[in-house]
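Reading through the structure tokens given below for one structure.
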Amino acid sequence: MRRIFVVGPRLASFSIGLIGAILSRGVHGLSNGVAKVPVLGYNTWNFFQCNIDQDLIIDTANLMVSLGLQDAGYNYVNIDDCWAEKNRSSTGELQPDSVRFSRGMKNLTDQVHALGFKAGIYGDSGWFTCAGYPGSFEHEDQDAQTLFADWGFDYLKYDNCAIPFDTIIQQGTMGKYVPMSNALQNLATNGSLSEPVVFSLCQWGWSQVWLWGARLGHSWRTTGDISSQWSSIASIINFNSFITQATGFYGRNDMDMLQLGNGNMTFDEAKTHFTAWALMKSPLLIGTNLSAITNETLSILTNKEILAINQDSVEPDAVSPFRWGINPDWTSNSSFPAQYWSGPSENGTVFMLINTLDTPSDMFFNLTESPWIRAGRQYSVRDLWAHTDNGTAVRNFTATSVPSHGVVALLLNDSGEEPLGIYPQCAVWFSCSSENGTYVDG
Ligand SMILES: *[C@@H]1O[C@H](CO)[C@@H](O)[C@H](O)[C@H]1NC(C)=O
Ligand SMILES: *[C@@H]1O[C@H](CO)[C@@H](O)[C@H](O)[C@H]1NC(C)=O
Ligand SMILES: *[C@@H]1O[C@H](CO)[C@@H](O)[C@H](O)[C@H]1NC(C)=O
Ligand SMILES: *[C@@H]1O[C@H](CO)[C@@H](O)[C@H](O)[C@H]1NC(C)=O
Ligand SMILES: *[C@@H]1O[C@H](CO)[C@@H](O)[C@H](O)[C@H]1NC(C)=O
Ligand SMILES: *[C@@H]1O[C@H](CO)[C@@H](O)[C@H](O)[C@H]1NC(C)=O
Ligand SMILES: *[C@@H]1O[C@H](CO)[C@@H](O)[C@H](O)[C@H]1NC(C)=O
Ligand SMILES: *[C@@H]1O[C@H](CO)[C@@H](O)[C@H](O)[C@H]1NC(C)=O
Ligand SMILES: *[C@@H]1O[C@H](CO)[C@@H](O)[C@H](O)[C@H]1NC(C)=O
Ligand SMILES: *[C@@H]1O[C@H](CO)[C@@H](O)[C@H](O)[C@H]1NC(C)=O
Ligand SMILES: *[C@@H]1O[C@H](CO)[C@@H](O)[C@H](O)[C@H]1NC(C)=O
Ligand SMILES: *[C@@H]1O[C@H](CO)[C@@H](O)[C@H](O)[C@H]1NC(C)=O
């Protein structure tokens, strides 16, 4: 309830609907029944950009079934920019491209739904989308009606291009997204939809979106567009390492779509990309040409143990760094992000180790460096890439010869008291003391 006083005055110019909506949300955001856990699916942009049409969408959906991606949990097929006609209809409605989407969008979403998927669409909060198609500024209610009530889409990626001049918009970065959020909220409550729309804010640029994104949407982009190079992966991991607490059920940092299968990433780099996105609880939207996907890429995307943690419905938290490694803690360095991470999960404590160096390295940690580990206990170790049980860790764990830009993902489970007689009495605490007041080093 304290929240009312905190946000109330700042929201004075917004609609009652928004304030009501905020009051009904938990601290983790927009708990309106959809997207409690990250969205898994496909998005057309990274590989196809504007070269999209209805056949590509249906082929992609069919491939997601035949490649086993649907079985692995990828259940959204999302269309990105360039699907529309450049002009609205005479009555102001968005229109699908009459050649590339000649059968109409209702026909398309019906087919996508019939294949067992949800369907996503793209829009923009300004005058135009980033590729110059109509934006939804001052058309929010109408477009929400068209896209979701009339055409049956389930998900909206809402971009940030062609923002009206300050004198016209008279809103900040958050306010710009409020009219569409309200329109979606109205649709969900006025009987127009069977399920609320998943609202994905594509608010790139410096806007501290992680502070407010959860009030309006289920995910919010935190950085500019990803590219298919390791440098981009490392830089996005670095940026997001400082804002992991913003992520929870129904609201999360969106690290951008997956580049697996594109560009020249090595197998280890691709594994690290996928692991970091999954364990940091980002949405996972595949962005490659599924007709040409390799077995290697597919094997990464369908790692069930990693996906299970991304989709954990008991523990919402992202993994967070407990030690930066090569650099001092809390150092921002886009080429050398934090290396030692952990977080809670339904089945134990997750550890993620990233070798950011250009040579293979041994990676060592004391268990109690992680806040999710109990001192004085020993832990069974599960390797989530090797899919093996790797014995019991007492006090510490070393992963040997982690490849350059490679990753280790572990699940540790309490397996009882540690053996007697292990020294020092406290692995990492500086202020350990015996009952009689004698301090012990370490
Ligand atoms: C789109 O609208 C603009 C401005 O109204 C008009 O000049 C143009 O001819 C229209 N284009 C098409 C393809 O209808
Ligand atoms: C979509 O359009 C095609 C071609 O007009 C038609 O054969 C098909 O039945 C339609 N599908 C749905 C689900 O409406
Ligand atoms: C429901 O809300 C939407 C978005 O505000 C609006 O466009 C639509 O007309 C409303 N429909 C009904 C039946 O009230
Ligand atoms: C990928 O390409 C980039 C840019 O050309 C280059 O810097 C990088 O070394 C390449 N990576 C690999 C693994 O070949
Ligand atoms: C996607 O992959 C298929 C199969 O290799 C290929 O025929 C097609 O040209 C690719 N699409 C693009 C846009 O490169
Ligand atoms: C990929 O895996 C499938 C199924 O296991 C197999 O049939 C196919 O030969 C593999 N392709 C390559 C290039 O290894
Ligand atoms: C926890 O383990 C159960 C049983 O193996 C599994 O079904 C579930 O997906 C796991 N959850 C997570 C978050 O790994
Ligand atoms: C990033 O970290 C590496 C490794 O410690 C260091 O060599 C480099 O100077 C750092 N770069 C910046 C910009 O701090
Ligand atoms: C790791 O823990 C073991 C006890 O299991 C201990 O003997 C060893 O000294 C520890 N290693 C380091 C480097 O602290
Ligand atoms: C776990 O054990 C497997 C099988 O021996 C091995 O391949 C893998 O490297 C081990 N994982 C770690 C992190 O040491
Ligand atoms: C690990 O614990 C040992 C004491 O057992 C301590 O000497 C060492 O500094 C710790 N290392 C880290 C990285 O915390
Ligand atoms: C205090 O306790 C420690 C062990 O817990 C013992 O080694 C030490 O002798 C004790 N000191 C005194 C003054 O009793």
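Counted residue by residue at 0.36 nm each, then reduced by the alpha carbon distance between them, the extension gain from ASP225 to GLU93 reaches 44.6 nm.
Comparing VAL77, SER334, THR368 along the charge dipole axis of the chain, the residue lying farthest to the positive side is THR368, per the Cβ-charge model. Its relative contact order, with pairs defined as Cα atoms under 8 Å and 6+ residues apart, puts segment 320-417 at 30 percent. Taking 41 Å as R0, compute the FRET efficiency from the Cβ-Cβ separation of ASN107 and ALA375 and round it to 0.05. Computed FRET efficiency for ASN107 and ALA375 comes out at 0.10.
Taking the Cα centre of the chain as reference, the dipole from Cβ charges on Lys and Arg (+1) and Asp and Glu (-1) amounts to some 820 debye. Overall, the anisotropy analysis places segment 382-426 in the oblate class: the square-rooted eigenvalues a ≥ b ≥ c of its C-alpha gyration tensor yield a/c not less than 1.5, with a/b not exceeding b/c.
Taking all protein chains into account, the per residue accessible area for the chain stands at 42 Å² (1.4 Å probe). Only the Cβ atoms of Lys and Arg (+1) and of Asp and Glu (-1) were treated as charged; on that basis the dipole of segment 255-381 about its Cα centre amounts to roughly 180 debye.
Largest GNM mean-square fluctuation across ASN264, ASN190, ASN107, computed for the chain with C-alpha springs under 10 Å, falls on ASN190.
Counting only protein heavy atoms and a probe of 1.4 Å, the accessible surface of segment 89-243 is 52% carbon and sulfur.
Ignoring solvent entirely, what values of log10 I(q)/I(0) come out of the Debye formula for segment 23-103 at 0.14, 0.15, 0.20 Å⁻¹ when each Cα is a single scatterer? For segment 23-103, the Cα-only Debye profile gives -0.67, -0.74, -0.94. For the chain, the share of alpha carbon pairs falling in successive 10 Å distance bins from zero is 4, 20, 29, 24, 14, 6, 2, 0, 0 percent.
Taking each residue as 0.36 nm, the span from TYR423 to ASP141 lengthens on full extension beyond its C-alpha to C-alpha distance by 94.9 nm.
The residue list TYR177, GLY104, ALA144 was ranked by how far each Cα lies along the charge dipole of segment 4-221 toward its positive end, using unit charges on Cβ atoms, and TYR177 comes out on top.
Structure note, pairs LYS176/LYS304; LYS86/LYS176; LYS118/LYS304: Cα-Cα distances above 26 angstrom occur for LYS176/LYS304.
Per-residue packing, averaged as other Cβ atoms within 10 Å, sorts the ranges 130-142, 394-406 into the order 130-142, 394-406, beginning with the highest. The packing ranking of peptides 156-167, 247-258, 176-187, highest mean first, is 247-258, 176-187, 156-167, where packing means the average number of other beta carbon atoms within 10 angstrom of each residue. Between the beta carbons of THR400 and GLN245, assuming R0 = 35 Å, the FRET efficiency works out to 0.65 to the nearest 0.05. Per-peptide packing, taken as the mean over residues of other Cβ atoms within 10 Å, places 271-277, 416-422 in the sequence 271-277, 416-422 from highest down.
I'd like to know which of GLN95, CYS432, ILE293 lies farthest towards the positive end of the charge dipole of the chain, counting +1 on Cβ of Lys and Arg and -1 on Cβ of Asp and Glu. Going by the charge dipole, the pick is CYS432. The rule of thumb for compact globular proteins, 2.2 N^0.38 Å, goes into the C-alpha radius of gyration of segment 301-442 1.11 times. Counting only cysteine Cβ atoms and a cutoff under 4.7 Å, the chain contains unmatched residues CYS202.
For segment 178-276, a crude dipole built from +1 on the beta carbon of Lys and Arg and -1 on the beta carbon of Asp and Glu, taken about the Cα centre, is about 220 debye to the nearest 20.
Within the full protein context, the accessible area of VAL314 is estimated at about 80 Å² for a probe radius of 1.4 Å. Computed over neighbours whose Cβ is under 11 Å from that of TRP83, the net charge equals -4, Lys and Arg +1, Asp and Glu -1. Multiplying the residue separation of THR438 and TRP206 by 0.36 nm and removing their Cα-Cα distance gives an extension gain of 78.4 nm. Here the accessible area of segment 320-417 is 47 percent carbon and sulfur, with a 1.4 angstrom probe and all protein chains present.
The values are calculated or read from the model by the stated rules, or taken from the named source; none is laboratory data. None of these values were measured; they are calculated from a predicted model. Every residue, glycine as well, gets a Cβ built from its backbone with ideal geometry; the counts of neighbours run over all protein chains shown. The protein model used for the area step is the full one, side chains on, heavy atoms only, and it has no ligands, DNA or RNA in it. Shrake-Rupley method; radii C 1.70, N 1.55, O 1.52, S 1.80 Å.
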